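Contents: one structure, followed by commentary.
The values are calculated or read from the model by the stated rules, or taken from the named source; none is laboratory data. The structure displayed is predicted, hence computed values, not measured ones. We place every Cβ from the backbone using ideal geometry, glycine too, and count neighbours over all the protein chains shown.
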2 protein chains.
Amino acid sequence: MTDTFDDVYFMKKALQEAEAAYEKGEVPVGAVIVVDYRIIAKGHNLTETLIDVTAHAEMQAITSASGFLGGKYLKGCTLYVTLEPCQMCAGALYWSQISRVVFATPDPHRGYRAMGTSLHPKTQVKEGVMEEEASALLKKFFKEKRD
Amino acid sequence: MTDTFDDVYFMKKALQEAEAAYEKGEVPVGAVIVVDYRIIAKGHNLTETLIDVTAHAEMQAITSASGFLGGKYLKGCTLYVTLEPCQMCAGALYWSQISRVVFATPDPHRGYRAMGTSLHPKTQVKEGVMEEEASALLKKFFKEKRD
């Protein structure tokens, strides 16, 4: 049981958030923030529901985690998110000095790397955890939008 | 009187917001969003007060303007902000497709241009409006912090 709380475990929780976004007709992206193997914040994309381009999953999770911790820096925290962060979210993560970012599926067009945005130099990045599942949910959403 | 509602007029309003941030011990940055010569949203930096790195002046103004307009796109709007936006705020402005961004003083270290972030290709940018006043307020704040 030592591997229970691994990256796959927490990405599954982020995927549950993405599914909650999907159920609301939102682009299905979900995020959780973890410190010491404990989820301290969750969020899913609500840009349509809240009529607000800033309401990405990561932004809500960052705000929520800071509130929980009582401090605006997320050192020691890991963000799990189902899609590579955009430049806005990467910019917020930069300010938070978060220790680690794990994302499932890359975003070759609007992802922070393609756009040229910088995370904090101290932030470690891992990609590809549960990529297939996260990508399948996004593809399903956009296919249904088109049809 | 035809020049009353010009860029200087609205930047003065953004500077009033920056002064409100200063009074709260926040890094003094303020913003307003204008459509058809009318201010529809205001914001000032509240990152310390709200314990939230996402609480920049621009982010609050974007959220507020979208709520006022009932739509998440800020086409036809101008953002006036006293400091060059960071990459997070530029990323939010990118998603909003805002028509115009006017800022007072450049941020050569953390501004979106130095960081490599992109605004939307349709967004026009003007800098240097009330630069001296905005810069003086920031310098006063940081000098007092150091002393």
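Among the residues of the stretch A:103-138, those identified as surrounded by fewer than 22 Cβ atoms within 10 Å (Cβ to Cβ) and either small (Gly, Ala, Ser) or assigned to a strand (DSSP E or B) (or both) are A:Gly111, A:Ala114, A:Gly116, A:Ser118, A:Gln124, A:Val125, A:Lys126, A:Glu127, A:Gly128, A:Ser135, A:Ala136.
Residues being crowded, with 20+ Cβ neighbours inside 10 Å and of a type in the set (D, E, K, R) are entirely absent from the stretch A:31-40.
Out of A:Gly128, A:Gly91, A:Gly116, which single residue is under 25 Å from B:Ala114 (Cα atoms) and either of a type in the set (Val, Ile, Thr) or modelled with pLDDT of 95 or more (or both)?
Working: A:Gly128 fails: under 25 Å from B:Ala114 (Cα atoms); A:Gly116 fails: either of a type in the set (Val, Ile, Thr) or modelled with pLDDT of 95 or more (or both).
After applying the criteria, what remains is A:Gly91.
Going through (1) closer than 17 Å to B:Val32 by Cα; (2) under 14 Å from the mean Cα position of the chain (by Cα); (3) small (Gly, Ala, Ser) one by one, B:Gly91 falls short only on (1).
Residues that are within 12 Å of another protein chain (Cβ to nearest Cβ) and farther than 16 Å from B:Ile51 by Cα number at least 1 in the following strands (runs of 3 or more DSSP E) confined to the stretch A:11-84: A:38-44.
For the stretch B:25-67, give me the residue count where each residue is polar (S, T, N, Q) and more than 17 Å from A:Gly91 (Cβ to Cβ). Step through it out loud before you land on a result.
From the stretch B:25-67, those polar (S, T, N, Q) are B:45, B:47, B:49, B:54, B:60, B:63-64, B:66; that's our starting set.
In the following step, the residues that additionally are more than 17 Å from A:Gly91 (Cβ to Cβ) were identified as B:49, B:64, B:66.
Going through the stretch B:25-67 one residue at a time, the tally reaches 3.
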